[in-house]
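Presented below is the structure to which this report refers.
The values are calculated or read from the model by the stated rules, or taken from the named source; none is laboratory data. Model, not experiment: these values are computed from the prediction. Every residue, glycine among them, receives a Cβ derived from its backbone with ideal geometry; neighbour counts consider all protein chains shown.
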Amino acid sequence: MGLFYTNVILYKVQQQSIADFLSKQGRSAYVSPTRDDFTVVYDKETEDQDSRVLKKLGESLSRKFSCTALSSLVHDSDVYMYWLYSDGKFLDSYNSLPGYFDSEVDKSLPEGGDAEKLCNAFGKLSAVSEIQKIFKLVEQSNLDEDAEEYLQGEDIHSELIKVLEMPSFGAFTGYYTIENSDLPEGLQQDNLIKIESLKPKWFWEKQKTG
């Protein structure tokens, strides 16, 4: 069984400010320490892998803090997807293997992924060519009929994070990873802030449906 996880990386927002906002919103989440201007939100509700919920969270955090937010999803290690926001506005998205969920789509070709927009949003324009290489590598991996498996979703995520000089704990990690005490290198339990929702389950179900 592959990895399933979601998270949102925020740029130039401090840990405590994010935690205070999420607490007021009644969410359940972990918030990483702020490292080199990056903070990671590991939200419980988004772990259901509903992209609508994940996109909404990234958008709302980006709008609230007038910052850049990168919402990421890894599904069974087979697929990596992201949605990029700045000041609450959608900028870009990426799907490493769109045919995984839609048989009518050419499964070989990734969708989206604008290296310049991604790098510019995080002040890393010098990294555009490196990001383009990653996108190209994913495409080549998908097209290689002799390959035993596609490039794994968490590895794509990790490579993007590395090039953008984000904390390594932005990859391989979601809410339940932390709950299970399977912490990545560089992340300690006592450096995380945990927020626990007091809202009942029916409240979140209502949010999803209407």
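The set of residues from the range 165-190 being at pLDDT 95 or above and within 13 Å of ARG35 (Cβ to Cβ) comprises GLU165, MET166, PRO167, SER168, PHE169, GLY170. Candidates in the range 60-78 are the residues that are surrounded by fewer than 24 Cβ atoms within 10 Å (Cβ to Cβ) and more than 14 Å from PHE38 (Cβ to Cβ); of these, the one that is modelled with the lowest pLDDT is ASP78. When you look at ASP37, is it touching a strand residue (DSSP E or B) at 6+ places or on another chain (Cβ under 9 Å), surrounded by fewer than 24 Cβ atoms within 10 Å (Cβ to Cβ) and farther than 23 Å from GLN152 by Cα, yes or no? For ASP37, the condition - touching a strand residue (DSSP E or B) at 6+ places or on another chain (Cβ under 9 Å), surrounded by fewer than 24 Cβ atoms within 10 Å (Cβ to Cβ) and farther than 23 Å from GLN152 by Cα - is met. Looking only at residues of the range 106-138 that are at pLDDT 95 or above, out of contact with any helix residue (DSSP H, G or I) (no Cβ under 6 Å at 6 or more places or on another chain) and not in a helix (DSSP H, G or I), we find that the one that is nearest to LYS12 (Cα to Cα) is PHE122. Being at pLDDT below 95, in contact with an Asp or Glu (Cβ under 8 Å, 6 or more places away or on another chain) and more than 19 Å from TYR85 (Cβ to Cβ): is that true of GLN152 here? Here the answer is yes, as GLN152 does meet what is asked.
Only one of LEU97, LEU57 is within 22 Å of PHE4 (Cα to Cα) and at pLDDT 95 or above; which? Sole residue among the options that is within 22 Å of PHE4 (Cα to Cα) and at pLDDT 95 or above: LEU57. Looking only at residues of the range 79-92 that are out of contact with any Asp or Glu (no Cβ under 6 Å at 6 or more places or on another chain) and buried (at least 18 other Cβ atoms within 10 Å of the Cβ), we find that the one that is nearest to GLU159 (Cα to Cα) is TYR80. For first residues located in the range 42-64 and touching a residue at least 40 places away in the same chain (Cβ under 8 Å) and within 16 Å of ASP87 (Cβ to Cβ), partners that are of a type in the set (D, E, K, R) and assigned to a helix (DSSP H, G or I) and lie 6+ apart or on another chain with Cβ distances below 6 Å do not occur.
Filtered by the rule that a residue be surrounded by fewer than 20 Cβ atoms within 10 Å (Cβ to Cβ) and touching a strand residue (DSSP E or B) at 6+ places or on another chain (Cβ under 7 Å), the range 45-54 gives GLN49, SER51.
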